[in-house]
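Comments concern the structure below.
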Amino acid sequence: MATGSLRFYSISQMGQVNISYVIPNDIPPMMTEGNDNYKRPMKTLYLLHGYSGNENDWEYNGLAEDIAAKYNMAVIMITGGNNFYLDRKATGCRYCTYAGEEVVNYTRKLFGLSDKREDTLIGGLSMGGFGALHTALAYPDTFGGAVALSSALIIHAIANLDEGFEDMMANYDYYREVFGDLTKVEESDNNPEVLYTKLKEKGAQIPPIYMAVGTEDFLYENNRIMRKFFEDNNANFKYEEGPGIHDWKFWNEYIFRGLDWILEQCK
């Protein structure tokens, strides 16, 4: 199992960025015997961290190495700051471009990863769950599926906030900075529903999406709103919920459930 971290210069972020990786390219045959995932070429999963996290979260708190070994899958973990993996007009703030295009192209070239859509997946938790879903819909020709866990689908909650607003996570100025004009955010491309609708109207291929959230999670109702949107649009998605809060116990269980389902869709 090849593991490590590296730094490279990102044009979309206009600075040095860090990524961590796990690549199962040296597992002894005796350890892969009977695993059908090793009868096909290696796939790639880009994993996104949550609010206040970094590129090490999925390895130190999560099960990145177990994911790589079980699924014959290179796992690439990036850092996006507290920016919801969205592009802004300001120089150096194209976080969606970074997650959906630049880091994909860079790691494909560096590690010789597959450039096929069906071999390229994206996933994340909380803010990263939002990012995985949004990025997959922003780059539907790149990603063959998305796993979104306990996603911070807060678009409708922050729409039309008053100046001076503040909650336990951030304040009005933060939401305005990251999402843009909050009076128009529901109609903007920062809303995954808008991206999905545009793809559907064009008849474009839309990546299958797996969603999961704990019934005691503070983002539970936000995820149910997105579930209804997908149901109303007859989307190719799977939604699961179960006992759990916003923690690694839940994410480390449901990441495997999500990948099992997504890989079935990619066959």
Anisotropy class of segment 153-267 from Cα gyration tensor, a/c 1.5 cut: oblate
Global form of segment 83-154, assessed from the alpha-carbon gyration tensor, a/c cut-off 1.5: oblate
Karplus 3J(HN,Hα) series, Hz, for segment 206-219 with 6.51 cos²θ - 1.76 cosθ + 1.60 (x for Gly, Pro): 10, x, x, 10, 10, 10, 8, 8, x, 5, 9, 6, 5, 9
³J(HN,Hα) computed for each position of segment 256-263 - Karplus, 6.51 cos²θ - 1.76 cosθ + 1.60, integer Hz, glycine/proline x: 6, 4, x, 5, 4, 6, 4, 5
Burial order of peptide ranges 76-89, 31-44 (average beta-carbon count within 10 Å, highest first): 76-89, 31-44
Compactness relative to 2.2 N^0.38 Å, alpha carbon Rg of the chain: 0.96
Whole-number D in µm² s⁻¹ for segment 14-128, Kirkwood Cα-pair radius fed into Stokes-Einstein, 25 °C, 0.890 mPa s: 166 µm²/s
Stretch gain in nm, segment Asn37-Gln265, where the contour uses 0.36 nm per residue and the Cα spacing is subtracted: 80.6 nm
Heavy-atom accessible area per residue - segment 55-191, 1.4 Å, Å²: 39 Å²
Most to least packed among 221-227, 124-130 [average Cβ atoms within 10 Å]: 124-130, 221-227
Amide H contacts of Asp87 (H built 1.01 Å from N, under 5 Å, at least 5 apart or other chain): Tyr95, Cys96, Thr97
Listed residue pairs exceeding 22 Å between alpha carbons, taken from Lys39/Lys70; Lys43/Lys228; Lys116/Lys267; Lys198/Lys228; Lys70/Lys116; Lys43/Lys267: Lys43/Lys228
Portion, in percent, of the accessible area of segment 15-148 that falls on carbon or sulfur, probe 1.4 Å: 46 percent
Peptides 160-171, 1-12 ordered by average Cβ neighbours within 10 Å, highest first: 1-12, 160-171
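The values are calculated or read from the model by the stated rules, or taken from the named source; none is laboratory data. Predicted model only: the values in this text are computed from it and were never measured. Neighbour counts run over all protein chains shown; Cβ positions are idealised from the backbone, glycine included. All accessible areas refer to the heavy atoms of the entire protein, side chains included, with ligands and DNA or RNA removed. Shrake-Rupley method; radii C 1.70, N 1.55, O 1.52, S 1.80 Å.
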